[in-house]
Amino acid sequence: MLLLITATILNNKKTLIHSIKKAVKQMRVPMKKIIFITLLLLSSNTFAQWFQASANAVIINKNIEEAREQAIKKAVKDALLFSGGTISSLQQVNQGVLVENQLILNSGGEIKALKIIEESQKNNLLTVNLKVNIITQSDLCFGGQFPKSMVISRFAMNVPQQTVDGQIYDLHRKVSNTFFNQLSLSPNLFNIRRYIDKPLQLGEKYNNKNLADTLASLSSQTDSQFIVFGEINDLSVKFESKTSLNYWITNPDRHFYMTVYLYDALQGKLIFSKQYRQKTTWQYGKEQQADLNSKQFWEYQYGQAILSSLAQANIDISQRIQCIIPRARIVTVNSNNIRINLGKNNGLQKDMLVELSYSSNFKDQFGIQRQSSTIAKQAMKIIEVHGDSAELTTIDDYPLSNIQINDIATIKSIQ
């Protein structure tokens, strides 16, 4: 005999057991026939729950469908973060088909259903209010509980000659500062440690064998594992001749094209890069200056297109980084205790038991940075925790392995 029990939330075990017993009594099924089903349900790390979220997006070039897609992704991202789900499940939203306010999804993944409750438009802003059914599996994203240490660098301006139109000479500074502020709004994902307001030798033209050295130096200077960098590659706009009627009655289109890079400085490598392209109305005359500090600029379609690109880059980096198990630098070694450069802001708590996998880096005969072939593991307990650092000790006075200052440790909770 097959017994099916459907629950919206499975994490309340007492309620579940009571429901099962009640169902058994009503159906007169012997308890021993459902013990196996009960054990399966209670031993699972899978929980299902409905979450409600809302978000908005700007309608650019009258493209309501694209604005709706952006708003849905923002809302689902918030719901996933709140539920403990993985941001990578947003890929289901990208592949889904919206039919009568319900998103038809593939069967795999954490998102099982999505329904738009309300959608509204005001001026150029589209807002969606939705419900999403999320099944979280706690063992799929080991690194999700640890916000990653990160710094944001000033973006490079690769086309300074194109900033003359509109006199937007500092656009790269405003873009990178805005991105810094956006990422700082997700402390459960990112532990943003600082903003580097100077040009760095990163990006496409610096991807060579010296990259590892550059990243190692930046990691030491900023006390962080990840570095976000960007380049602005196209701001071109073509104005009609003043003798043309179109010059006086229409606004030209202007391009915005940037590339965003995400580096793991402790591993000395690029782990993500993506290009973001927009083309929309430039609402300034050829001789007119655009005030980058004004509310008006960012409310115009061109400013909103930039913000849309940054919002998508935020989602992409979140997806890429969320489940990575963090790495820490050993900063002091004393008897059976060590201190690392991750702390409370990275999800560590006093008395937490963690497993450290650590190794040393070295340069081979060709000057290439490599990791030692021997990786040691040791269970340790956190005895003191601060914002960006923590002190750990071996369990039961077990001797400390051959850990040295500047060794790199991978942190994984075992509690």
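Taking H as built 1.01 Å from N, whose amide H comes closer than 5 Å to the amide H of residue 194, not counting residues under 5 places away?
152
If packing is taken as the mean number of other Cβ atoms within 10 Å per residue, what is the order of 394-405, 186-197, 225-236, highest first? Before the final figure, lay out the partial values.
Values: 394-405: 12.0, 186-197: 17.8, 225-236: 22.7.
Taking the mean over residues of other Cβ atoms within 10 Å, the ranking is 225-236, 186-197, 394-405.
Using a probe of 1.4 angstrom, how much of the accessible area of region 115-205 is carbon and sulfur, in percent? Could the numbers behind the result be given before it?
Details: 2020 of 4400 Å².
The nonpolar share, carbon plus sulfur, comes to 46 percent.
Kindly rank 210-220, 257-267 from highest to lowest mean number of other beta carbons found within 10 Å of each residue. Could you put the intermediate results ahead of the total?
On the way: 210-220: 17.2, 257-267: 21.6.
Per-residue Cβ counts within 10 Å, averaged per peptide and sorted highest first, yield 257-267, 210-220.
For a 24 Å ceiling on Cα separation, which of these pairs sit above it: 122/286; 174/295; 115/295; 77/198; 174/279; 73/122? Let's see the in-between values first.
Values: 122/286 30 Å; 174/295 13 Å; 115/295 34 Å; 77/198 31 Å; 174/279 19 Å; 73/122 19 Å.
Where the Cα-Cα span goes over 24 Å, the pairs concerned are 122/286; 115/295; 77/198.
Find the centroid of the Cα atoms in region 295-327 and in region 129-183, then give the distance between the two in whole Å.
Taking the Cα centre of each part, region 295-327 and region 129-183 sit 4 Å apart.
Carbon-plus-sulfur fraction of the accessible area of region 250-339, 1.4 Å probe, in percent? Please list the in-between numbers first.
Values: 1470 of 3690 Å².
Looking at region 250-339 in its full context, I get 40 percent from C and S.
Mind listing the long-range amide H neighbours of residue 111? Cut-off is under 5 Å, sequence gap 5 or more, other chains count too, H placed in the peptide plane at 1.01 Å from N.
The answer is 135.
Please give the length that would be gained between residue 299 and residue 185 if that part of the chain were fully extended, namely 0.36 nm times their separation in residues minus their C-alpha to C-alpha distance (nm, one decimal).
Values: separation 114, 0.36 × 114 = 41.04 nm, distance 2.06 nm.
Length difference between fully extended and current span is 39.0 nm.
The values are calculated or read from the model by the stated rules, or taken from the named source; none is laboratory data. Keep in mind that this is a model prediction, so the values were computed, not measured. With ideal geometry, Cβ positions are generated from the backbone for all residues, glycine too; neighbour counts draw on all protein chains shown. Only protein heavy atoms, including side chains, enter the accessible area calculation; ligands, DNA and RNA are left aside. Shrake-Rupley method; radii C 1.70, N 1.55, O 1.52, S 1.80 Å.
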